[in-house]
Amino acid sequence: MAKNGLRVRFAPSPTGYLHVGGARTAIFNWLFARHNRGTFVLRIEDTDVERSTRESENSLVEDLRWLGVDWDEGPDVGGPRGPYRQSDRLEMYRREAETMVEAGVAYPCFCTDDVLEAKRKQAIDSGQSPHYDGTCRSLTPGEVAANRKAEVPEVIRFRVPDGVVGFRDLIRESIELPTDMVGDFVLLRSNGNPTYNFAAALDDHAMGITQVLRGEEHLPNTLRQILIYEALDLPIPQFGHLPLILAEDKSKLSKRHGASSVGELRAMGCLAGAVFNYLVLLGWSHPEEKEILAVGELIEHFTLDRISKSAAVYDRGKLRWMNGQYIRRTPVDELFETADGFFPTEIRETYDTRARRRMLELLHEKIDTLDDLNEKSIPFLNPPRLDDEAKAVLQTREARDVITALETALEQSAGEITAEEFKSAMKRIGKTTGQKGKALFFPIRAALTGSVHGPDLAGVAELKGRKTLLDLLRHARERDSSG
Ligand code: GLU
């Protein structure tokens, strides 16, 4: 499909895993691009050599793909404005930094880390903002040369002008930021690598990015990046700042609030579609407030005017609920491909693939994440793990009678026992024992599954098979008479 001129990007730093905040930024940019038939670019911001790893880049890429986010240009697929990995663009940043120094909008700084750190502490202690104090702002060419000769480590700093930067935010409308919010920031580190702000600003320009959508925490960076564009007399892309994502207690979302990376959500058995859908609702809403939305619908309706200005709350309960909705909407055969890996080892060793597929069918309505299969498949274990309620149920004489009656009924039937046959056996023993409802079903459930609650009993019975059923009934009866 022909693209129009809209170009957006997702620009992760490969220093860890893809977190829900980053994933939401990627998804919003992707939906914005797809809605407008624009171009979505993936750029890897790996200029922090100490913290960036290829392993992290690979896992980011894998998580994005899992979510269904694809890119038109990027390190792996190429494109006309590459390279798309910043470590392959270092020369360009260095050249540009030199030009900026020549033009006087940036300057070399020789302050050592120790001195900077001491001044920073001092500023904080005396209640001032810990900005660079400008020591090297006006070094003479002679002083610069002397420092270089003495091989003092050198960084290049941007000369932040006095004033106010104003821009029209795509989401929050008019924003004004005083430049003294930031000090003279570093463009090029002493190892010759650019800082995030410098590289991102140059690359957004070089890659023709027209809109930058990212989290609100980046506002001070937007200020720095606009200052760079102004100093270089370059066109400024439009910026849109997405609302923060907070934890349920309204604090900043962090590890202690539980699974907050895409990988963790996948590992606990969330479905990609559910995670995608849930993340879109962190700050965006459908015109009719619909919540379960297929990707096609999201693309159709995704406009920036429906992005909220106030913080979104990451509500794990709601994500679980939504995942449950997605699980139930997925046909069992399709779900089984992902779900099968979530059955515990004991189940996998006892039941073959066909039986496990049938088990999933019986549990389909009862799980919200695939991880729930761990617990929900307990009734299928042989022997079952009896819970306290089941133990109590099995104490009574009536329970023993019902169990004995079922044993007799099953012994009479030859061959395997289908769910239908099991049901009719239950009906028959209801008549012969005179028991019904809980008094009939609880002892049998307890004996066969270890609990008085659980999935469809006849379905469980069919999967366990005649011999196991008879063994379990006998065990329960013996256990009962001994205790
Ligand atoms: N690499 C930056 C980050 O991961 C990108 C921020 C931006 O979108 O400009 O936070």
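The values are calculated or read from the model by the stated rules, or taken from the named source; none is laboratory data. Bear in mind that the values here come from a model prediction, so they are computed numbers and not experimental data. So basically every Cβ, Gly included, is an ideal-geometry build from the backbone, and we count neighbours across all protein chains shown. Protein only, heavy atoms only, side chains kept; ligands, DNA and RNA dropped before computing areas. Shrake-Rupley method; radii C 1.70, N 1.55, O 1.52, S 1.80 Å.
At a glance:
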| item | result |
| --- | --- |
| The chain - mean residue ellipticity at 222 nm from DSSP helices (-39,500 (n - 2.57) per run, n ≥ 4, rounded to 500) | -14500 deg cm²/dmol |
| Accessible surface of region 153-281, 1.4 Å probe, proportion on carbon and sulfur as whole % | 52 percent |
| Dimensionless Rg/Rh of region 302-438 - Kirkwood Rh, Rg from C-alpha atoms | 1.14 |
| Net charge, N193 excluded, C-beta distance under 15 Å - Lys, Arg +1, Asp, Glu -1 | -3 |
| Principal-axis tilt of helix 54-67 within the chain, Cα atoms, nearest 10 degrees | 60 degrees |
| Packing rank of 159-167, 361-369, where each peptide gets the mean count of other beta carbons within 10 Å, highest leading | 361-369, 159-167 |
| Once the Cα gyration tensor of the chain is diagonalised, semi-axes √(5λ) in Å | 64, 23, 19 |
| Extension reserve of the D352-V77 stretch, reckoned as 0.36 nm per residue once the Cα distance is removed | 94.9 nm |
| DSSP beta bridge pairing in the chain, given as percent antiparallel to the nearest 5 | 55 percent |
| Residue-count net charge about A103 - beta-carbon cut-off 12 Å; Lys, Arg +1, Asp, Glu -1 | -3 |
| Accessible area of region 338-469 belonging to carbon and sulfur atoms, whole % at 1.4 Å probe | 48 percent |
| Between helix 397-412 and the chain: long-axis angle, C-alpha atoms, 0 to 90°, nearest 10 | 80 degrees |
| Karplus (6.51, -1.76, 1.60) ³J(HN,Hα), θ = phi - 60°, over region 33-40, in Hz, Gly and Pro reported as x | 5, 5, 4, 9, 6, x, 10, 10 |
| Pair L470, S285: separation of 7 Å Cα→Cβ label points (nm) | 6.3 nm |
| Aspartates and glutamates with Cα under 14 Å of K252, excluding same-chain neighbours fewer than 8 positions away | E216, E217, D315 |
| Amide H partners (placed H, <5 Å) of D169, local residues excluded | S174, I175 |
| Volume per residue of the C-alpha convex hull in region 376-435, rounded to whole Å³ | 109 Å³ |
| Accessible surface, per residue, of the chain when the full set of protein chains is kept, probe 1.4 Å, Å² | 48 Å² |
| Gain upon complete extension [E217, T345; 0.36 nm per residue less C-alpha separation] | 41.7 nm |
| Positive minus negative residues near D114 (Lys, Arg vs Asp, Glu; Cβ under 12 Å) | +1 |
| Cα principal axis extents for region 205-362, largest first, Å | 69, 35, 33 |
| Cysteines having no other Cys beta carbon under 4.7 Å from their own, within the chain | C111, C270 |
| Cα pair distances of region 56-107 binned at 5 Å [whole percent] | 4, 17, 17, 17, 13, 11, 9, 8, 4, 1 |
| Gain in span if fully extended, T432 to D88, counting 0.36 nm per residue against the direct Cα distance | 115.7 nm |
| Long pairs among K250/K309; K255/K376; K255/K290; K423/K467; K3/K318; K376/K423, criterion Cα-Cα beyond 25 Å | K255/K376; K255/K290; K3/K318 |
| Apportionment of accessible area to carbon and sulfur, region 54-102, percent (1.4 Å) | 43 percent |
| Inter-site label distance for Y17 and V49 at 7 Å from Cα along Cβ, in nm | 2.9 nm |
| Per residue convex hull volume, Cα atoms of region 65-184, in Å³ | 222 Å³ |
| Separation of the A150 and E300 label points, Cα + 7 Å toward Cβ, nm | 7.0 nm |
| Solvent-accessible area of M268 with every protein chain in place, 1.4 Å probe, in Å² to the nearest 10 | 50 Å² |
| For L242, residues with placed amide H under 5 Å, excluding near neighbours | R214, G215, E216 |
| GluC sites (Glu not before Pro) within region 125-203: DSSP coil, no more than 12 neighbouring Cβ in 10 Å | E151 |
| Residues N58 and R328, FRET efficiency given R0 of 45 Å [Cβ-Cβ distance, rounded to 0.05] | 0.85 |
| ³J(HN,Hα), Karplus 6.51/-1.76/1.60, whole Hz, each residue of region 378-384, x for Gly, Pro | 3, x, 8, 6, 10, x, x |
